[in-house]
Amino acid sequence: MQHLPEDWQRALVIVAHPDDIEYGVAAAVARWTGQGKDVRYLLVTSGEAGIAGMPPAEAGPLREAEERAAAAVVGVSEVQFLGHPDGRIEANPALRRDLAAAIRRHRPELVVLGHFGPTWAPGIVNSADHRAVGRAALDAVSDAGNEWIFPEITEPPPWTARWAAVAVPAGATHAVDVTATVGAAEASLAEHRRYLEALSPEPVADQVRAVVTMTTAPVDGFAGERAVGFELYTFAG
Ligand SMILES: [Zn+2]
């Protein structure tokens, strides 16, 4: 088990929905922004299908606002939404082109993704959107560096990130010590107040503590008291 590299200055976190980053990765983001790094968020949807009983036209803007507030808590000011349909994201060339264009625009050295395997644990299915976004985004890291795959993207010029790190619930090869930033991660997730209130009758503070405790549990073979585990992929620039 190794430390995730930290000899970089700019990262782009790519996920499907508002709140995905706050289920674990935000603790690592808080550590990185605390080191003076530039971390940006890219969300493929606005999460408009995420609140039972609230129409998408109302839920989308609310969830975008909650995401911007959650980002600000961990030192992230650049938050972009691509506007793909929540719940119906397809891992197709159109999504890869949007993601490749965004990677070129933000020029990250590190791209951070959420878990996109079929399950979270035996019997617990991962969402279709998470699977689609992770797969397309990992491919888009390569696409962004190739001038011929999407030749219609003429500006900005090709850009190849050095790494992609995928936050995984098990089987991590690298980890980030987040012992000092668990509190920031809790405060960040708590910004999704309306979403969490609709999700469960449990008090928001209790939900937040449970989620962050689970997603920053110690990682096997890693010294940090609290950690977030990743699989790391390397790209040749
Ligand atoms: Zn999600």
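The values are calculated or read from the model by the stated rules, or taken from the named source; none is laboratory data. Note that the structure is a prediction, hence the values are computed from the model and not measured. Note that each Cβ is placed from the backbone with ideal geometry, even for glycine, and that neighbours are counted across all protein chains shown. The accessibility values were calculated without ligands, DNA or RNA, using every heavy atom of the protein model including side chains. Shrake-Rupley method; radii C 1.70, N 1.55, O 1.52, S 1.80 Å.
Leaving out ligands and nucleic acids, and using a 1.4 Å probe, what accessible area per residue does region 120-237 come to in Å²?
Averaged over the residues of region 120-237, the accessible area is 51 Å².
Which of the three applies to region 189-237, rounded, prolate or oblate, going by the alpha-carbon gyration tensor with a ≥ b ≥ c and a/c under 1.5 meaning rounded?
oblate
Can you list which of the trypsin sites (Lys or Arg not before Pro) found in region 1-92 are DSSP loop residues with at most 14 other C-beta atoms within 10 Å?
Arg88
Please work out the FRET efficiency for the pair Ala236 and Gln2, using the Cβ-Cβ distance as r and a Förster radius of 22 Å; give the result to the nearest 0.05.
It comes to 0.65.
How high is the relative contact order of the chain, in percent, counting Cα pairs under 8 Å that sit 6 or more residues apart?
27
What order do Arg105, Arg162 take when sorted by accessible area (1.4 Å probe), most exposed first?
Order by accessible area, largest first: Arg105, Arg162.
Out of the DSSP beta bridges found with both residues in the chain, what percent are antiparallel (nearest 5)?
Approximately 35 percent, going by the DSSP bridge assignments.
Just in region 165-237: which GluC sites (Glu not before Pro) are loop by DSSP and have at most 16 other Cβ atoms within 10 Å?
In loop regions of region 165-237 (DSSP not H, G, I, E or B), the sparsely surrounded GluC sites (Glu not before Pro) are Glu225.
Can you tell me the relative contact order of region 25-96? Whole percent, Cα pairs under 8 Å, sequence separation 6 or more.
Result for region 25-96 is 39 percent.
Of the heavy-atom accessible surface of region 123-165 (probe 1.4 angstrom), what whole percent is carbon and sulfur?
That share works out to 57 percent.
Can you give me the relative contact order of region 133-204 as a percent, contacts being Cα pairs under 8 Å and 6 or more apart?
Relative contact order of region 133-204: 19 percent.
Assuming 0.36 nm per residue, please report the length gained on full extension of the stretch Ser77 to Glu197 beyond their Cα-Cα distance.
Roughly 40.7 nm would be gained on extension.
With the cut-off at 1.5 for a/c, could you classify the chain from its C-alpha gyration tensor as rounded, prolate or oblate?
Here the chain falls in the oblate category.
How much net charge surrounds Lys37 when only the other residues with a Cβ under 14 Å from the Cβ of Lys37 are counted, with Lys and Arg +1 and Asp and Glu -1?
Once all neighbours under 14 Å are counted, the net charge is 0.
Are there chymotrypsin sites (Phe, Trp or Tyr not before Pro) in region 122-196 that DSSP marks as loop and that have at most 11 other Cβ atoms within 10 Å, and which are they?
Sites meeting the loop and neighbour criteria: Trp148.
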